[in-house]
1. Tally up the residues in the stretch A:171-203 that are charged (D, E, K, R) and under 18 Å from the mean Cα position of the chain (by Cα), please.
2. For the stretch A:191-204, enumerate the residues that are in contact with a helix residue (DSSP H, G or I) (Cβ under 7 Å, 6 or more places away or on another chain) and open to solvent by 60 Å² or more (accessible area, probe 1.4 Å).
3. Just to be sure, is A:Thr129 under 22 Å from B:Lys15 (Cα atoms) and of a type outside the set (Phe, Trp, Tyr)?
4. Among the residues in the stretch A:63-74, are any among the hydrophobic types (A, V, I, L, M, F, W, C), within 14 Å of chain B (Cβ to nearest Cβ) and open to solvent by less than 50 Å² (accessible area, probe 1.4 Å)?
5. Do you know which of the residues in the stretch A:28-51 that are hydrophobic (A, V, I, L, M, F, W, C) and closer than 17 Å to A:His64 by Cβ is most open to solvent (accessible area, probe 1.4 Å)?
6. Would you mind telling me which numbered condition in (1) assigned to a loop (DSSP other than H, G, I, E, B); (2) modelled with pLDDT of 95 or more; (3) not hydrophobic (A, V, I, L, M, F, W, C) A:Lys215 fails?
7. Would you kindly identify the strands (runs of 3 or more DSSP E) lying entirely within chain B that contain at least 2 residues that are surrounded by 20 or more Cβ atoms within 10 Å (Cβ to Cβ)?
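The values are calculated or read from the model by the stated rules, or taken from the named source; none is laboratory data. On a predicted model such as this, the values are computed, not experimentally measured, just so you know. Note that each Cβ is placed from the backbone with ideal geometry, even for glycine, and that neighbours are counted across all protein chains shown. To get the accessible areas, we keep the full protein, side chains included, count just its heavy atoms, and leave off ligands, DNA and RNA. Shrake-Rupley method; radii C 1.70, N 1.55, O 1.52, S 1.80 Å.
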Amino acid sequence: MTQSLLTQPYQRGSPKLHEKSIRCRLIDLGLIDYGASFSLQKELLASIKNKTSLDALIFCEHPHTFTLGRLSKKDNILCGEEGIKKRGISVNRVDRGGEVTYHGPGQLVVYPIFNLSHYKKDLKFYLDTLENVIIATLLKCNVHAEKRPSFRGAWIDGKKIASIGIAVHHWITCHGLALNVNTDLSYFSMIRPCGLDITMTSIESVLGNTNDISKVKQVMLDNFVKSFNLEIMEGGK
Amino acid sequence: MTEIKLPELGEGIEKATVSYWYFQVGQQVKEGEDLVELATDKATFNLPSPATGRLKEVLSQDGDEVKVGQVMGAIE
């Protein structure tokens with residue numbers, strides 16, 4: 001796949017989709033507890049619904065955490081209570097789609113709180129665009145990832161490097177994506193990621209060297225701006 | 001009486017799975033409140049109540065698959 005194809009704006013639907021930029025707050029939380037970031041998402045979602053906040057783009061990393069989607073089966077956590085305690089992992093059941101996943105230091109997590117009424121009320125459009133953003137970001141980091149039909153996320157040689165899981169209320173999005181940059185992948189062996197027997201990978205594993213997560217974050221931000229036609233208002237409300 | 005139907009969720013999305021009813025039959029609900037959560041692909045979609053009133057019936061239970069346009073329940 002070529003870069004030009006990956007970074008092309010969404011073609012279907014209204015041609016007006018990308019004419020006007022959408023003002024968006026940038027919120028960089030650094031390393032933050034999963035629960036605290038979740039509360040912030042809910043607050044922002046309510047404010048956007050009440051039209052007292054702009055759309056928001058949250059960047060963060062989490063301490064070691066397993067999250068389970070609404071329909072996740074608990075037996076997809078393979079290690080038992082003791083293993084979870086031993087490695088200091090918190091477990092959260094959340095209202096997003098998808099199965100169990102792991103978050104931890106070295107993984108770039110992005111929570112776009114976007115009103116899809118600005119774009120298109122279409123879950124497929126939104127999930128496709130998130131995948132395009134991830135793949136374009138990875139390409140800029142010299143990692144050639146691709147989509148897999150029927151399996152959301154970004155993949156390299158059958159290994160998964162990024163996961164997606166979203167929830168939508170009143171066509172406003174929350175939850176989002178997680179990209180493994182320098183993630184300790186051993187934590188994924190404690191679960192069946194996404195309920196599948198798959199191997200996870202990271203930018204570090206693919207390239208063989210540790211990467212500056214803040215640079216990946218900047219590239220990711222640039223791709224969000226391009227794909228969703230955002231005007232970033234740092235610290236704006 | 002107002003029917004609760006699965007709306008269009010996106011191009012090519014023909015069905016979803018009921019994952020959670022926020023209200024029980026007989027309870028009062030206001031128009032616009034989250035009424036039922038649906039799961040599809042890697043997304044959950046919260047359907048707002050189409051009307052204010054009493055949740056009269058629920059035809060699709062948690063775990064049931066529903067098609068776009070299918071009636072899942074009713075408000076009266």
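1. Going residue by residue through the stretch A:171-203, those that are charged (D, E, K, R) are A:184, A:192, A:197.
Remaining after also requiring under 18 Å from the mean Cα position of the chain (by Cα): A:184.
Counting residues in the stretch A:171-203 that are charged (D, E, K, R) and under 18 Å from the mean Cα position of the chain (by Cα) gives 1.
2. The one that is in contact with a helix residue (DSSP H, G or I) (Cβ under 7 Å, 6 or more places away or on another chain) and open to solvent by 60 Å² or more (accessible area, probe 1.4 Å): A:Arg192.
3. Numbers: under 22 Å from B:Lys15 (Cα atoms): yes; of a type outside the set (Phe, Trp, Tyr): yes.
In short, yes.
4. Step one: of the stretch A:63-74, the residues among the hydrophobic types (A, V, I, L, M, F, W, C) are A:66, A:68, A:71.
Still in the running and within 14 Å of chain B (Cβ to nearest Cβ): A:68, A:71.
If we keep only those that are open to solvent by less than 50 Å² (accessible area, probe 1.4 Å) too, we end up with A:68.
Scanning the stretch A:63-74 turns up at least one residue that is among the hydrophobic types (A, V, I, L, M, F, W, C), within 14 Å of chain B (Cβ to nearest Cβ) and open to solvent by less than 50 Å² (accessible area, probe 1.4 Å).
5. Step one: filter the stretch A:28-51 for residues hydrophobic (A, V, I, L, M, F, W, C), giving A:29, A:31-32, A:36, A:38, A:40, A:44-46, A:48.
Now restrict to residues that are closer than 17 Å to A:His64 by Cβ: A:29, A:31-32, A:36, A:38.
Numbers: A:Leu29: 51, A:Leu31: 113, A:Ile32: 36, A:Ala36: 45, A:Phe38: 51 Å².
Of everything passing the filter in the stretch A:28-51, A:Leu31 is most open to solvent (accessible area, probe 1.4 Å).
6. For A:Lys215, the exception is condition (1).
7. Details: elements: B:2-5, B:15-21, B:34-40, B:43-48, B:53-58, B:65-67, B:71-75.
In chain B, the matching strands (runs of 3 or more DSSP E) lie at B:15-21, B:34-40, B:43-48, B:71-75.
Here's the yes/no breakdown for (1) assigned to a loop (DSSP other than H, G, I, E, B); (2) over 17 Å from A:Thr101 (Cβ atoms); (3) open to solvent by 10 Å² or more (accessible area, probe 1.4 Å); (4) within 10 Å of chain B (Cβ to nearest Cβ):
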position	(1), (2), (3), (4)
A:Gly153	no, no, no, yes
A:Ala162	no, no, no, no
A:Ile166	no, no, no, yes
A:Leu179	no, no, no, no
A:Ser189	no, no, yes, no
